[in-house]
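The values are calculated or read from the model by the stated rules, or taken from the named source; none is laboratory data. Remember, predicted model here, so these are calculated numbers, not experimental data. With ideal geometry, Cβ positions are generated from the backbone for all residues, glycine too; neighbour counts draw on all protein chains shown.
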Number of protein chains: 2
Amino acid sequence: MSQPLRILVSNDDGIDAPGLRALVRALCEVGEVAVVAPDRERSAVSHAITMTDPLRAVPREIEGCRGWAVSGMPADCVLLGARELLPAPPDIVASGINRGANLGEDVWYSGTVSAAVQGGLLGVPSVAFSVANLDFEPIDYRAAAAWAQRLVPVAARYLSADVVLNINVPNRPPEEVTELQVCRQGRREYRTTFERRTDPRGGAYYWLGADLPLDPAIPGGDVTALRAGKVTVVPVRLDLTATAALEPLRGWLEEGLE
Amino acid sequence: MSQPLRILVSNDDGIDAPGLRALVRALCEVGEVAVVAPDRERSAVSHAITMTDPLRAVPREIEGCRGWAVSGMPADCVLLGARELLPAPPDIVASGINRGANLGEDVWYSGTVSAAVQGGLLGVPSVAFSVANLDFEPIDYRAAAAWAQRLVPVAARYLSADVVLNINVPNRPPEEVTELQVCRQGRREYRTTFERRTDPRGGAYYWLGADLPLDPAIPGGDVTALRAGKVTVVPVRLDLTATAALEPLRGWLEEGLE
């Protein structure tokens, strides 16, 4: 019999998040799961890492699997798990299931995606899962868990580590989520307003607004495919070079710096 | 007479960092500078944003220019500056000058680069500057400041907002830094070890190690060009889609999900 698939699960909603538990239960059926996740919510922390403080890692069994609650960020968890806590690097990193969409430019802010990116930077195939509730409805993790169970073994077999997968699943019952589309990163276009308030002592402070983004329709983009009820899979490149911009950039620098 | 170039300066080392002051002094000569920067050091915070706490913005004059010290992350500063504090969005965002290299995969972790990325996401041409001290030597910001003064007006004129520039300058006296190279993102290959220690009460904690990265030589990569004494300019794409991976991904998903 072959070795079981060794899966490292992390997230950014924290080790007690229901989305992480749903992912662990689903992946236990297809491999040997170890959880290394933040000990509290760390949403929108992007790829932050902890250098100026030490990390704590408290053992915690999660859904019958071994795990650790870590006092750091998602990227810290994957680094510490792969390099220190686990006896060997995992075969695949699975991050999520995030409570909320990571579509379009959300990828830049997402702690969920950054856990997967950190896996990729370590040379491990890595996948991020999110349930895209674009409408503030309560979240149903079942469809995303079922798709994760199908997709993780396939990704472990085929995916190379220079690309990570950003997967979003519509917030609908499993029987309504039957199609998958490989997409480009779409566009959200946040309006990003701030609300200025005054504290009881007369000082100003600012809340980042919570307006929904414009989500312009872009054919082949993930936002548009998700809205059509499909599971979206975007391959994210770890090499951020804008290759097509290299030659024009050489041209205008030469001209402009004369 | 034409309107002065309106430049928003931010960073991740904090508003009191000498690199920011060097950048402000240099850019005052070529435009109208406003500073919106974190009120403390926020290194390696990547593209984190602050949603669960409000932000404070305390006015602070920096090198004779108007500025605000903000209680958030670099990306928060650019958002708050462009959307709330300044009367109008700036013509260009300049981030830095960072104390230390942002080469290769550092881009994923860098708060300096993420301030520029946030500018790009807002549709503003944006540039990040770092002094690459690969050897723990004291930092000399003069060469980077001089190059920033030359490059910012050119970038404001030619750069489109779907690409941001990640610029690293060797840590050498200005007269020794005479060449610029447009590069791809290179590779650093951090060894990433953790040091396990025990606290006085017997609990374990982990420090992220500080080993220097391997910095493998990659022709055309920024690490290699920087080591050769050149200013490196990498165009960073805001669309993270791994375009070349789209077709292979469709193929193996079809095969694997049968």
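Some observations on this one:
- Among residues of the range A:197-225, those that are buried (at least 16 other Cβ atoms within 10 Å of the Cβ) and of a type outside the set (Phe, Trp, Tyr), counted: 9
- Residue within the range A:14-33 that is in a loop (DSSP other than H, G, I, E, B), surrounded by fewer than 24 Cβ atoms within 10 Å (Cβ to Cβ), among the aliphatic types (A, V, I, L, M) and within 14 Å of chain B (Cβ to nearest Cβ) present: yes
- Positions within the range A:34-45 being touching a helix residue (DSSP H, G or I) at 6+ places or on another chain (Cβ under 7 Å) and part of a loop (DSSP other than H, G, I, E, B), in sequence order: A:ARG42, A:SER43, A:ALA44, A:VAL45
- Filter result for the condition that a residue is touching a helix residue (DSSP H, G or I) at 6+ places or on another chain (Cβ under 7 Å), in contact (Cβ under 8 Å) with a residue 60 or more places away in the chain, within 12 Å of chain B (Cβ to nearest Cβ) and surrounded by 24 or more Cβ atoms within 10 Å (Cβ to Cβ), over A:VAL93, A:VAL131, A:VAL78: A:VAL78
- Listed by position, the strands (runs of 3 or more DSSP E) contained in the range B:175-258 that have at least 3 residues being within 18 Å of B:GLY100 (Cα to Cα) are B:231-237.
- Boolean, B:ALA48 is surrounded by 24 or more Cβ atoms within 10 Å (Cβ to Cβ) and in a helix (DSSP H, G or I): no
- Candidate set from the range B:226-235 (those that are more than 13 Å from every other protein chain (Cβ to nearest Cβ) and among the aliphatic types (A, V, I, L, M)); member that is surrounded by the fewest Cβ atoms within 10 Å (Cβ to Cβ): B:ALA228
- Residue within the range B:69-83 that is at pLDDT 95 or above, over 28 Å from A:SER114 (Cα atoms) and in contact with a Gly (Cβ under 6 Å, 6 or more places away or on another chain) present: no
- Selection within the range B:157-180 - within 24 Å of B:ASP239 (Cβ to Cβ), more than 9 Å from chain A (Cβ to nearest Cβ) and surrounded by fewer than 23 Cβ atoms within 10 Å (Cβ to Cβ): B:ALA161
- Against the list (1) touching a Phe, Trp or Tyr at 6+ places or on another chain (Cβ under 7 Å); (2) farther than 30 Å from B:SER71 by Cβ; (3) at the interface with another protein chain (Cβ under 7 Å from one of its Cβ atoms), the condition A:TYR206 fails is (2).
- Sole residue being of a type in the set (D, E, K, R) and closer than 19 Å to B:ASN133 by Cβ, chosen from B:GLU195, B:GLU176: B:GLU176
- Selected residue (only one of A:ARG197, A:ARG184, A:ARG227 is in contact (Cβ under 8 Å) with a residue 12 or more places away in the chain and touching a strand residue (DSSP E or B) at 6+ places or on another chain (Cβ under 8 Å)): A:ARG184
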